[in-house]
Amino acid sequence: MLVRVLFFSIAAAFLIAVLLAPLFIPILRRLKFGQTIREEGPKGHQKKAGTPTMGGIIILLALTFTVIKFANQSVEIFLLLFITLGYGLIGFLDDFIKIVMKRNLGLTARQKLFGQLVIGGVFYYVLLRNGYDTIVSIPGTDWGIELGWLYLPLVLLMTIGASNAVNLTDGLDGLLAGTSAIAFSAYAVIAWTASQMNIAIFSAAVVGAVLGFLVFNAHPAKVFMGDTGSLALGGALAGVAILTKTEILLVIIGGVFVMEALSVIIQVISFKTRKKRVFRMSPLHHHYELGGWSEWRVVVTFWFAGLICASLGVYIGVLS
């Protein structure tokens with residue numbers, strides 16, 4: 001029964017996204033919600049200037065409608081929709097300021113961090129109020145570590161870290177849509193095997209929504225998700241990991257996102273301390289682009305890397 005519900009969740013979210021995109025893309029274009037390309041980025045990306053962005057709205061609508069239809073009302077669903085839509089709102093404001101108000105940097109780093117902290121803090125508060133424990137399980141073992149009050153900084157680190165890491169991955173046509181579909185597929189399996197039906201349905205709905213979006217986001221992209229989509233997906237990923245008690249596994253399942261974030265951190269530290277760059281450009285996908293790889297080759301390679309990470313995470317979390 002649950003397998004059928006998961007299939008319908010994926011299918012419904014996919015169809016909603018596919019049907020909404022042709023309606024939203026012309027509207028975004030008419031409103032001049034076009035992507036601005038950084039001058040310091042790869043030169044081949046300049047031709048993407050003006051491509052409609054903020055397409056993450058399509059993902060969020062498809063996801064929300066599907067979850068409301070197929071999942072039961074529960075604390076888990078409330079928390080997942082809260083953190084997903086909350087982070088999506090931060091991304092929307094960031095996109096809106098950059099594109100409509102013509103402020104290149106969008107929200108300031110402090111404003112964005114404040115919003116992320118507030119949403120993460122509310123997420124943690126509701127968790128504790130509803131009896132969730134603060135034990136972190138060690139993958140592949142029966143061991144767990146009771147963190148107590150230290151679980152709060154862990155939740156904040158996970159939600160903020162995941163949203164920013166996923167955001168950094170959104171730099172090539174179809175890259176984030178594909179890698180996030182793979183990661184959420186892994187969590188759908190993990191939640192399903194743990195009989196966490198609502199979380200499995202939520203994860204399946206994300207898979208369907210981003211795959212439907214990918215139809216229009218694959219190279220050459222007709223629409224970008226913007227921070228509206230990427231921050232929301234990162235928040236959702238952290239939320240699912242916390243609710244399935246696989247906090248440590250998130251580092252493995254989201255291995256591509258971790259590598260992208262680390263490449264930026266390493267690049268910044270190296271340049272500030274040694275005045276030298278480790279990578280041709282960060283995040284990591286740009287390093288391979290500037291090395292002569294085609295955009296499609298980079299994307300498919302990263303999808304494959306994401307599949308390996310997700311498979312390893314499922315093996316450790318479910319089969320070991």
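The values are calculated or read from the model by the stated rules, or taken from the named source; none is laboratory data. Just so you know, these numbers come straight off a predicted model, no measurement behind them. Every residue, glycine as well, gets a Cβ built from its backbone with ideal geometry; the counts of neighbours run over all protein chains shown. Surface areas here come from the heavy atoms of the whole protein model, side chains and all, with no ligands, DNA or RNA. Shrake-Rupley method; radii C 1.70, N 1.55, O 1.52, S 1.80 Å.
Overview of values
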| read-out | value |
| --- | --- |
| Within the accessible area of region 182-300 (1.4 Å probe), percent carbon and sulfur | 66 percent |
| Most to least accessible of 288, 187 (protein chains only, probe 1.4 Å) | 288, 187 |
| Theoretical gain in end-to-end length, residue 32 to residue 318 [0.36 nm per residue, Cα-Cα removed] | 98.3 nm |
| Distance (nanometres) between label positions extended 7 Å along Cα→Cβ at residue 108 and residue 293 | 3.7 nm |
| For region 201-245, radius of gyration divided by Kirkwood radius, i.e. Rg to Rh on alpha-carbons | 1.04 |
| Dipole magnitude of the chain, debye to nearest 20 (Cβ charges: Lys/Arg +1, Asp/Glu -1, about Cα centre) | 1200 debye |
| Relative contact order, percent, the chain [alpha-carbon distance under 8 Å, six or more residues apart] | 27 percent |
| Inter-label distance, nm, simple model (7 Å from Cα along the C-beta direction), residue 262/residue 75 | 3.5 nm |
| Modelled FRET efficiency - R0 22 Å, residue 135 with residue 194, Cβ distances, 0.05 increments | 0.90 |
| Cβ-based charge dipole, the chain, positive-most Cα from 301, 62, 267 | 267 |
| Dipole magnitude of region 106-214, debye to nearest 20 (Cβ charges: Lys/Arg +1, Asp/Glu -1, about Cα centre) | 320 debye |
| Crossing angle, helix 75-99 versus the chain [Cα axis fit, 0-90 degrees, rounded to tens] | 10 degrees |
| Charge sum, other residues only, whose C-beta stays under 12 Å from residue 137's C-beta, Lys/Arg counted +1 and Asp/Glu -1 | -3 |
| Two-decimal Rg to Rh for region 150-287 - Kirkwood Rh, Cα set | 1.01 |
| 110, 4, reordered so the largest accessible area comes first (probe 1.4 Å) | 110, 4 |
| Compactness of region 78-172 as Cα Rg over 2.2 N^0.38 Å, two decimals | 1.28 |
| For the chain: accessible area per residue (Å², 1.4 Å) | 47 Å² |
| Inter-site label distance for residue 61 and residue 19 at 7 Å from Cα along Cβ, in nm | 1.1 nm |
